[in-house]
Structures are given as structure tokens and as C-alpha cells.
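Reading through the C-alpha cells given below for one structure.
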Amino acid sequence: MTEVDLPVAIVGSLSPSRAADFKTCPLLYRFRTIDRLPEAPSRAATRGTLVHAVLEELFDLPAAARTLDAARSMVPAAWARVLAEAPEAASLFADDADGSDLAEWLSSAGDLLGNYFALEDPRCLEPAAREERVEVVVDGLRLRGYVDRLDVSPAGDLRVVDYKTGTTPREAFEGKALFQMKFYALVLWRTRGVVPRQLRLMYLADTDTLSYSPDADELVRFERTLKAIWAAIERATESGDFRPSPSRLCDWCDHQALCPAFGGTPPPFPHDALANIGDDRRAAAAD
Ligand code: SF4
């Protein structure tokens with residue numbers, strides 16, 4: 001009889017956002033991934049989606065046409081697409097009778113695009129990929145997410161680029177952002193066999209960049225960290241014990257009313273929790 005390789009059983013799925021949630025606050029992970037509680041859209045996060053959409057599309061233009069004016073002219077159409085995909089975003093401007101708030105907010109997206117152009121000239125770049133879904137299965141654990149941009153040099157070096165537009169405090173955001181970038185570096189290394197030469201975070205609000213060069217040993221350690229996080233998620237799911245871990249990020253948490261750290265009571269733990277953590281559907285949007 002001929003031996004055949006059976007496909008590896010997928011025991012779970014982790015995105016950088018959900019892994020970082022668990023690391024930051026296990027109860028936040030539970031609320032988002034297991035209870036799947038809705039979260040109100042915010043102007044800051046929605047503006048991030050809008051700016052990402054413009055920066056992705058900008059590279060559809062011929063190189064010479066990628067100017068700041070061209071980018072800013074793309075904002076209204078990108079906003080229309082954001083609204084079509086997430087109609088609840090319209091509620092952000094429900095009280096804006098004369099449209100002045102919306103106009104100012106769209107203009108602030110244009111300002112972020114101006115900051116982007118201060119950091120690099122897109123006419124000199126030809127990205128290898130934009131909004132690229134990356135995924136690998138390690139010992140049955142699916143690791144996946146979306147990379148904002150992937151640049152490949154003529155020598156074959158990879159650079160992972162991520163645009164940051166949010167208003168979370170820098171030190172908290174930086175830890176989470178580096179975690180996310182190492183996650184992508186690991187997945188790219190495991191799928192392409194090349195450790196990315198550079199991870200580049202572009203902070204558009206600050207007109208600043210953070211660059212980081214991972215090495216293989218570090219990524220091996222990071223892979224062990226992800227497996228340990230997954231093992232902890234499985235244990236918490238089996239016991240239903242997801243503890244709150246208060247921090248400055250609570251100021252940005254939509255779920256304070258249900259959080260024991262703020263006097264709330266979480267909803268009953270769902271019976272299908274294990275199925276939810278294996279599926280992790282919401283994470284794609286969060287990434
Ligand atoms: S309010 Fe803070 S401690 Fe509570 S779930 Fe949210 S992040 Fe966790």
C-alpha cells in the first residue's frame with residue numbers, strides 16, 4: 001500500500017490582532033473573538049481604513065502620476081467605498097447636519113496623506129504586493145493576516161511596510177505594532193524561506209518611521225511565543241476563565257460596561273467557544 005501525506009488538522013487560527021488582544025487582556029480577546037460583541041466605529045479607526053484604501057490604490061496609478069494631489073483627489077471615492085463596505089460608519093457623522101465635521105475629517109485624511117509623502121516618494125517605488133493576505137500553518141495552528149505593503153528589492157530582499165494612522169498612545173501601540181510586524185515576518189519566512197530584511201512602520205500622524213530588522217533566531221523564539229499564546233487561549237477557553245488585565249488601553253475599550261475591572265459582569269460564557277476560537281472570523285477585518 002502507498003503511503004500518502006494526510007493534510008495537517010487545523011487546531012486553531014491566530015491573527016496578530018487577536019494574539020495581541022489576548023496578550024494585552026484575555027477578557028478583551030474573549031469579548032472580541034468568542035462573544036463577538038459589536039464595537040462602535042470610531043472616527044480615528046475609520047480614517048485609518050480610508051487612508052489605507054487611498055495608499056493601496058495610489059500604486060495602481062502609473063509611477064509619475066502618484067502625486068499628493070492625486071492621492072488627495074482619491075479621498076472622496078475611497079470614503080464612498082468605505083461606506084459601502086461598512087455602512088455603520090455613516091453613524092460617525094449622524095449629527096453633522098451641515099457636513100462641516102465630515103469635511104474637516106476628510107481634510108484630516110488628506111493631511112495624513114501629506115505626511116506620508118513627507119516620508120517617502122511613491123513615484124520611486126513599485127510594491128510587490130499591497131493588502132496581501134499571508135498565511136501559514138505551524139503545527140496545526142494557522143497564522144494569518146494582511147500585510148499593507150510588501151517591497152522586494154532587485155536582490156530579492158523583502159521589506160514589510162505597515163501604515164499607522166491611529167491615536168493610541170505611542171508606547172502601547174509600538175509594542176503591539178512590533179508584535180504584528182514580527183508575526184508577518186515569521187509567516188513570510190515560513191512561506192517564502194526568506195527572513196524579511198526590514199520591517200518598516202510608518203507613523204503618518206507623527207511623520208515618523210520605525211524600522212526593524214529581524215533575524216531567524218528571533219523569529220524562532222517568536223514562533224514559540226505564538227504557540228504559547230495559543231496554548232493559553234485553549235486553556236482559558238476550556239475553563240472559561242478569561243481575566244481582565246486593566247491598562248491604559250482600557251480607555252479605548254468598548255466593553256468597560258461588561259468588564260469586572262469596571263464593575264461590570266461579562267455575559268454567560270458561550271457553549272460554542274471552542275468553535276469560535278478556531279474560526280476567528282472577525283480578525284481579518286481587524287487586521
Ligand atoms: S476594559 Fe480593560 S480590562 Fe476590561 S476588557 Fe477592556 S481592556 Fe480588558
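Could you identify the single residue in Ala40, Ala53, Ala71, Ala44 that is farther than 30 Å from Asp121 by Cα and either within 16 Å of the ligand (Cβ to nearest atom) or at pLDDT 90 or above (or both)?
From the options Ala40, Ala53, Ala71, Ala44, the qualifying one is Ala40.
With the structure loaded, tell me whether Val160 is within 22 Å of the chain's Cα centre (by Cα), in a strand (DSSP E or B), closer than 14 Å to Leu201 by Cβ and of a type in the set (A, V, I, L, M, F, W, C) or whether it fails that test. Before you say what the answer is, go through the steps one by one.
Details: within 22 Å of the chain's Cα centre (by Cα): yes; in a strand (DSSP E or B): yes; closer than 14 Å to Leu201 by Cβ: yes; of a type in the set (A, V, I, L, M, F, W, C): yes.
For Val160, the condition - within 22 Å of the chain's Cα centre (by Cα), in a strand (DSSP E or B), closer than 14 Å to Leu201 by Cβ and of a type in the set (A, V, I, L, M, F, W, C) - is met.
Quick check on my filter: what residues within the range 91-110 are out of contact with any helix residue (DSSP H, G or I) (no Cβ under 6 Å at 6 or more places or on another chain) and surrounded by fewer than 14 Cβ atoms within 10 Å (Cβ to Cβ)?
Matches in the range 91-110: Ser91, Ala94, Asp95, Ala97, Asp98, Gly99, Ser100, Ala103, Glu104, Ser107.
Restricting to the range 233-263, name every residue that is within 23 Å of Ala45 (Cβ to Cβ), free of Cβ contacts under 8 Å to residues at least 12 places away in the same chain and either more than 6 Å from the ligand (Cβ to nearest atom) or not in a helix (DSSP H, G or I) (or both).
Passing the criteria: Asp251, Ala257.
Got a sec? Which of Arg130, Arg221 is out of contact with any Lys or Arg (no Cβ under 6 Å at 6 or more places or on another chain), of a type in the set (Lys, Arg) and modelled with pLDDT of 95 or more?
The conditions single out Arg221.
Hey, any hits in the range 209-217 for a residue that's hydroxyl-bearing (Ser, Thr, Tyr), within 16 Å of the ligand (Cβ to nearest atom), in contact (Cβ under 8 Å) with a residue 24 or more places away in the chain and in contact with a helix residue (DSSP H, G or I) (Cβ under 9 Å, 6 or more places away or on another chain)?
No, that holds for no residue.
Please state which one of Ala236, Ala284 is closer than 20 Å to Ile10 by Cα, at pLDDT below 90, touching a Phe, Trp or Tyr at 6+ places or on another chain (Cβ under 9 Å) and not polar (S, T, N, Q).
The unique qualifying residue is Ala284.
Looking only at the range 122-148, which residues are in a loop (DSSP other than H, G, I, E, B) and touching a residue at least 40 places away in the same chain (Cβ under 8 Å)?
Listed by number, the residues that qualify are Leu125, Glu126, Pro127, Asp139, Gly140.
Looking only at the range 11-62, which residues are aromatic (Phe, Trp, Tyr) and within 30 Å of Glu223 (Cβ to Cβ)?
Phe22, Tyr29, Phe31
The values are calculated or read from the model by the stated rules, or taken from the named source; none is laboratory data. The structure displayed is predicted, hence computed values, not measured ones. Using ideal geometry, Cβ is built from the backbone for each residue, glycine included, and neighbour counts are taken over all protein chains shown.
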